[in-house]
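These notes are about the structure you will find just below.
Bear in mind these aren't lab numbers, they're just calculated from the coordinates by the rules spelled out. Everything quoted here is computed from the prediction, not taken from an experiment. Here the Cβ is made from the backbone with ideal geometry for all residues, glycine too, and neighbour counts use every protein chain on show.
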Amino acid sequence: MAISSEEIIALIKIGIPDATVTITDMAGDGDHYRADIVSPSFAGKSRVQQHQMVYDALGSKMGSELHALSIKTSES
Amino acid sequence: MPQEQIFDRIKKEVTENDVVLYMKGTKIFPQCGFSALVANILNMLGVDYVSVNVLEDDDIRQGIKDYSNWPTIPQLYIKGEFIGGCDIVKEMFESGELQEMLTDKGITLQVAS
């Protein structure tokens with residue numbers, strides 16, 4: 001079952017309210033996305049911690065409807 | 001197998017081996033693009049690593065995600081520490097940070113000259 005980029009953005013922004021999210025649909029099949037996420041709240045966190053914040057925001061979607069999501073995080 | 005036993009087994013694997021890659025498939029026959037990318041990076045750097053094929057063991061396939069609180073495969077461990085999945089390893093490789101971390105931790109690289 002595919003997921004829309006709007007839904008991904010909405011979920012991430014609920015979990016990380018100050019995030020700016022840009023989604024690229026890599027394959028046009030609603031299953032392979034790249035998310036570029038900029039958020040001041042990433043400051044001082046390791047890459048793993050930053051990505052875990054994103055995964056936490058996506059909750060159970062990650063690994064189920066959302067199989068392939070490449071994540072790029074940055075503070076600014 | 002109860003989670004505690006699975007965690008013990010994972011802990012043993014990642015502490016007894018310098019570099020461990022939990023992946024779908026094997027070093028030579030990866031069965032997922034993301035796993036293949038990380039395996040190829042390690043192969044290119046000539047790193048001696050242990051790969052664990054999570055497709056052969058559902059306990060490990062789920063257990064590793066709980067162990068690291070990371071929902072996807074592949075997962076790379078260096079000296080017992082969770083380094084990241086495909087995105088992070090690729091980013092670190094491109095910036096040279098992965099090579100630096102490996103050498104800092106005393107792991108030899110045989111980069112083809």
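Using +1 on the beta carbon of Lys and Arg, -1 on that of Asp and Glu, and nothing else charged, what's the dipole of the protein assembly as shown about the Cα centre, debye to 20? Display every interim value, and only then the final one.
Values: 16 positive and 28 negative charges, 33 e Å.
Dipole of the protein assembly as shown, to the nearest 20 debye: 160 debye.
Which is farthest toward the positive dipole end of chain A among A:SER64, A:VAL54, A:ALA10, measuring Cα position about the Cα centre, with Cβ charges +1 (Lys, Arg) and -1 (Asp, Glu)?
The one lying farthest along the dipole's positive direction is A:VAL54.
About the Cα centre of chain B, how large is the charge dipole given +1 on each Lys and Arg Cβ and -1 on each Asp and Glu Cβ? Please answer in debye to the nearest 20.
Values: 10 positive and 18 negative charges, 38 e Å.
About 180 debye.
Quick one: if you stick a label point 7 Å off each Cα along the C-beta vector at B:VAL50 and B:LYS79, how many nm between them?
If labels sit at B:VAL50 and B:LYS79, their model points lie 1.7 nm apart.
Looking at B:ILE107, A:ALA27, A:SER41, which one has the Cα that reaches farthest to the positive end of the dipole of the protein assembly as shown (charges on Cβ: Lys, Arg +1; Asp, Glu -1)?
Farthest towards the positive pole: B:ILE107.
Per residue, what volume in Å³ does the convex hull of the Cα atoms of chain A enclose?
Taking the convex hull of the Cα positions in chain A, it is 72 Å³ per residue.
When DSSP assigns beta bridges and you keep just the ones with both residues in segment B:20-85, what percent turn out antiparallel, to the nearest 5?
For segment B:20-85, the DSSP antiparallel bridge percentage is about 65.
Order A:24-35, B:82-93 from most to least packed using the mean count of other Cβ atoms within 10 Å. The partial results should precede the final answer.
Numbers: A:24-35: 14.2, B:82-93: 21.0.
The densest-packed peptide leads the list: B:82-93, A:24-35.
Explain nothing, just the number: dipole magnitude of segment B:50-113 about its Cα centre with +1 on each Lys and Arg Cβ and -1 on each Asp and Glu Cβ, in debye rounded to the nearest 20. Intermediate results must be reported in sequence, preceding the final value.
On the way: 5 positive and 12 negative charges, 23 e Å.
Value, rounded to 20: 100 debye.
Amide H neighbours of B:SER51 under 5 Å, at least 5 residues apart or on other chains, H built in the peptide plane: list them.
B:LEU21
As a test, work out the antiparallel percent of DSSP beta bridges whose residues both lie in the protein assembly as shown, rounded to the nearest 5. Please report the intermediate quantities before stating the final value.
On the way: 14 of 26 bridges.
Restricted to the protein assembly as shown, the bridges split so that about 55 percent are antiparallel.
Assuming a viscosity of 0.692 mPa s and a temperature of 37 °C, what translational diffusion coefficient in µm² per second does Stokes-Einstein assign to segment B:3-104, Rh being the Kirkwood radius over Cα pairs?
It diffuses with D of about 245 µm²/s by this estimate.
Using only the Cα atoms, work out Rg/Rh for the protein assembly as shown, with Rh taken as the Kirkwood radius, to two decimals.
Values: Rg = 16.6 Å, Rh = 17.3 Å.
Ratio value, two decimals: 0.96.
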